[in-house]
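Have a look at the structure below before the remarks.
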Amino acid sequence: RAKHMGRQRFEFCTSELTAQARYKLVLQEGLQQALDDKQLQLYYQPIASTSTGKVQGAEALLRWIHPKVGMVRPRDFIPLLEQTGLIIPVGEWVIEQACQQWSLWKQQGLLEEKALLTLNISTCQFSSQQLLNCIGNMMIKFDMPAKTLALEVSEELLNTNPKHLSETFSQLNQMGVDIIIDDFGLGSTSLHSLSKYTLSAIKLEKPLLASLSKSKNGNSLKAFSFLAHSLNVNMIAEGIDDKNQLRTLAAANIDSYQGYSLSPALEAAEFKQFMSLQNENENKVKLFY
Ligand code: C2E
Ligand code: MG
Ligand code: MG
Ligand code: MG
């Protein structure tokens, strides 16, 4: 019987693996096609000030609209892009596409001149000089002022070659490009790295935010935020899906937030609508006072 069950389980496992492997294969085979056919699309998730609620910018998030599978989330295809090296051309496409969109929205008066655009950059993209050239070119081509473009990088990047990293970061700083540590709290960033590099902000990852908010009535979050600010690093909270969390964030001086309670990532046309509404409301407030 045990033998029988063993075999059943074995068969169950292999068929499950096969389905997953098949899915991966479908995605992998479709990647080049996706690039050629423009199946990749950027969505934009608004980022707002915690104290005033005003939208300060947005994070560009990649989506793959697959003709057969439908919308594929980044966690299912970014690793494939990284493994195949396709992340380099795709990453460059993201930079160009987002900067172009941003400058268009500014021309249309939808965004303020100083509105911040943040882009996610994979660790392996950072090893190429190509990245700096691409960013520099796009900033010129689309007239992006200093301090309006930020790169979101993961904590693991801070563990790569420190000399190369310092050089790259300082070049980016000279170009007026900010660095944000994304998903802070998943890795093992030391206080030393936080003070050594010129970082503009850290994005607190959801579980860490939750535990810091709970411990000692949020005193841990306050202390952490105080520490970050003393190192000239801003704090951004992500995954805020409940408006009630905002009071805790404001009490701890967390600068900005994003999450479903403000808005999910939006298609370009939806983002435009969202911003128009924001701007309208703000004008109403101005008229009223
Ligand atoms: P991330 O940069 O940490 O992005 C945050 C993720 O949380 C996004 O998922 C976003 O849609 C989701 N999210 C936003 N608000 C909420 C909320 O209130 N609650 C919850 N539970 N989730 C929320 P998404 O779009 O699936 O992106 C996943 C990851 O893929 C991103 O994590 C980022 O690391 C990566 N990624 C996305 N676009 C790019 C890209 O252009 N290049 C690279 N290299 N990576 C990218
Ligand atoms: Mg991010
Ligand atoms: Mg994140
Ligand atoms: Mg988010």
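The values are calculated or read from the model by the stated rules, or taken from the named source; none is laboratory data. Given the structure is predicted, the values throughout are model-derived calculations rather than measurements. Virtual Cβ from ideal backbone geometry, glycine too; neighbours counted across all protein chains shown. Surface areas here come from the heavy atoms of the whole protein model, side chains and all, with no ligands, DNA or RNA. Shrake-Rupley method; radii C 1.70, N 1.55, O 1.52, S 1.80 Å.
So here's what we get for this one:
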quantity: Antiparallel DSSP beta bridges within the chain, percent to nearest 5; calculated: 40
quantity: Within the chain, longest stretch clear of exposed trypsin sites (Lys or Arg not before Pro) (DSSP loop, no more than 12 other Cβ within 10 Å); calculated: 148-242
quantity: Compactness index (Cα Rg / 2.2 N^0.38 Å), the chain; calculated: 1.12
quantity: Simple Cβ-charge dipole of region 170-249, Lys/Arg +1 and Asp/Glu -1, about Cα centre, in debye nearest 20; calculated: 360
quantity: Cβ-based charge dipole, the chain, positive-most Cα from Trp105, Asn219, Gly185; calculated: Asn219
quantity: Within the accessible area of region 45-184 (1.4 Å probe), percent carbon and sulfur; calculated: 52
quantity: Pairwise label distance in nanometres, Tyr260 with Lys141, each label 7 Å out on the Cα-Cβ vector; calculated: 3.6
quantity: Sequence-distant aspartates and glutamates (8 or more away, or on other chains) whose Cα lies within less than 16 Å of Lys196; calculated: Glu155, Glu156, Glu167, Asp178
quantity: Residue order for Thr168, Thr160 - accessible surface, 1.4 angstrom probe, largest first; calculated: Thr160, Thr168
quantity: Placed amide H near Glu59: partners under 5 Å, 5+ positions off or other chain; calculated: Gln45, Ile47, Thr118
quantity: Accessible surface, per residue, of the chain when the full set of protein chains is kept, probe 1.4 Å, Å²; calculated: 55
quantity: Cα gyration tensor category, rounded, prolate or oblate, for region 162-223 with a/c compared to 1.5; calculated: prolate
quantity: GNM top mover of Leu131, Leu277, Leu119 - the chain, alpha-carbon springs below 10 Å; calculated: Leu277
quantity: Calculated SAXS-style log₁₀ I(q)/I(0) at q = 0.20, 0.25 Å⁻¹ - region 221-289, Debye, Cα scatterers; calculated: -0.93, -1.02
quantity: Residue among Ile140, Ile181, Ile47 with the largest mean-square fluctuation in a Gaussian network model of the chain, springs linking Cα atoms under 10 Å; calculated: Ile140
quantity: Radius of gyration and maximum dimension Dmax of region 35-188, Cα, Å; calculated: 15.7, 45
quantity: Segment Val285-Lys243, extension gain: residue separation times 0.36 nm, minus the distance between their alpha carbons; calculated: 13.0 nm
quantity: Counting all C-alpha pairs of region 99-213, share separated by more than 22 Å (%); calculated: 36
quantity: Globularity index of region 88-132, i.e. its alpha-carbon radius of gyration over 2.2 N^0.38 Å; calculated: 1.33
